1. Find how many whole Å separate the alpha carbon centroid of region 362-424 from the alpha carbon centroid of region 279-297.
2. In Å, what Kirkwood hydrodynamic radius results for region 57-159 from the alpha-carbon pair distances?
3. I need the calculated FRET efficiency for the pair residue 31 and residue 316, taking r as the beta carbon distance and R₀ as 45 Å, to the nearest 0.05.
4. For region 93-160 and region 1-28, what is the centre-to-centre distance using only Cα atoms, to the nearest Å?
5. From Cα pairs below 8 angstrom and at least 6 apart in sequence, can you work out the relative contact order of the chain, rounded to a whole percent?
6. Grab the other residues whose beta carbon is less than 12 angstrom from that of residue 128, score K and R as +1, D and E as -1, and report the net.
7. Could you give the length gained by full extension between residue 384 and residue 169, i.e. 0.36 nm per residue of separation minus their alpha carbon distance, to one decimal place?
8. When a footprinting reagent is the concern and you count Cβ atoms within 10 Å, what order do 89, 297 take, fewest first?
Amino acid sequence: MASYWEFGERGRQPYDDFAVKLGMTTEPLSNPQATYDPSAAWDPTPTGDDDYFEGYKAIKQGATDSAAAGTALATGVKTSNGRISTDAEGNPLPFITQEMKASGRSTGVVSSVGFSHATPAVFGAQNVNRGDTHAIAHQMINEGTLDLIMGGGNPNFDDNAQRRATPEYDWLSEEDWTALNGPDAPMTLIETTSDFEALADGSLEIQGRLIGLPEAGATLQANRDPLTTPPDPDAPGSPNLGFPIGHELLPNVPTLATMTAGALNHLGKDEDGLFLMVEGGAVDWMAHANATGRVIEEQIDFNHAVGAAVDWVSANSSWDETLMIVLTDHGNGAPMGPNSDSIAFQPIENNGKGVLPGVLWHSGNHTTENTLLWANGAGSEDLLSMVVGEDPFLQSILGFNDGRYIDITGVNPAIRTAAGLVAPTPVPLPATGWMLLVGLGLMVGLRRRGLAD
């Protein structure tokens, strides 16, 4: 959808020419353990009801949430929905940023949603309840594993980037916010777009641990209100033109690309290397709402963040010492073509650059299709050893790869191997499943030469 809107065609995203392309299945821990079945996920048999086809019905069953999926990425272990880097019994699991930090690297997380939300949380905290954002934020800020945190959740600003009359402490406690603004703050706090931009262009350097909370609410842009007056499409040079939902972005809120570049500059000062997880999180929220235009906006912002990371590698590192993985932690919404209620698995319709594509959404929740993964650089080939099955429809319907796919637990050991850490042996799962892609997250792992030898 984003590629059609931005370019009028597929194949022009910064990760499209990455060396490794694989499917990835995402089921959480269950009893018995659910596994992906391509023949069920792509079954075109009509159901005679609002699910339309058996495959559509199949992918709506047993989906992961971002806490369990993120835990699988951060720890290599499946867990139950709602857990933040703990197992199903509530025992804490070691997560990759702890190991990276212990090996001498700098570590960080960036998100377009609240910084203590599920995906960034699993890389900086352990908790049995993803909703316990105050305790999660406290651990992320104070425990010391993360050298950098950036995301939504500034208590002083609402979703329209307007200052609140009274702060709202949804993403961290009042005590931790007070501490961040105090003389003995555990991390240096930045809030203004000018500081984020200066960090990104290299004109601002900050020593020590850094937390960046833009002057916005839970999201950078996704939750903003529409304009009361629609833009005039005939107005020459109108700043309101060229946005998928018909009006301009909030001013003075940094983009995810700016935050990514700044995060890499900050962490990249460490000669021993870095690990960074960047999440385009709001695309998931907008997929829940089946908000096509806002999904496109969020996906484009994420794609530009990948581009910023690729540019940073070119300028400051190389693919001989850097591993970059682009993936999604689960599907959401099952978007397909406008007539996919009668044509099974009809592709999304390309209506040209700058025009909303033809889309019909089939769910408002997470789904279990075979998601897509791209990887490039040092150690990317290690992901091939994690292959657990083949899904021919990745090739025949999506035109993505040769059908090979991994389980979500295969990502962590591949990163650990590339970083020179001792990788645990993953437990292989039976092959079973597949489909579309919504909601990407970017992980950048940098290893300096010598550390991984």
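None of the figures in this text is laboratory data; all of them are computed from the coordinates on show. What you are looking at is a predicted structure, and each value in this text was computed from that prediction instead of being measured. Using ideal geometry, Cβ is built from the backbone for each residue, glycine included, and neighbour counts are taken over all protein chains shown.
1. 23
2. 13.9
3. Values: r = 46 Å, r/R0 = 1.03.
Efficiency, rounded to the nearest 0.05: 0.45.
4. Between the Cα centres of region 93-160 and region 1-28 lies a distance of 27 Å.
5. On the way: 1116 pairs, mean separation 107.8, N = 453.
For the chain, the relative contact order is 24 percent.
6. Values: positive: 83, 130; negative: 87, 89, 132.
Charge balance near residue 128 sits at -1.
7. Values: separation 215, 0.36 × 215 = 77.40 nm, distance 4.34 nm.
So the extension gain works out to 73.1 nm.
8. Values: 89 9, 297 22.
Listed from fewest to most nearby Cβ atoms, that is 89, 297.
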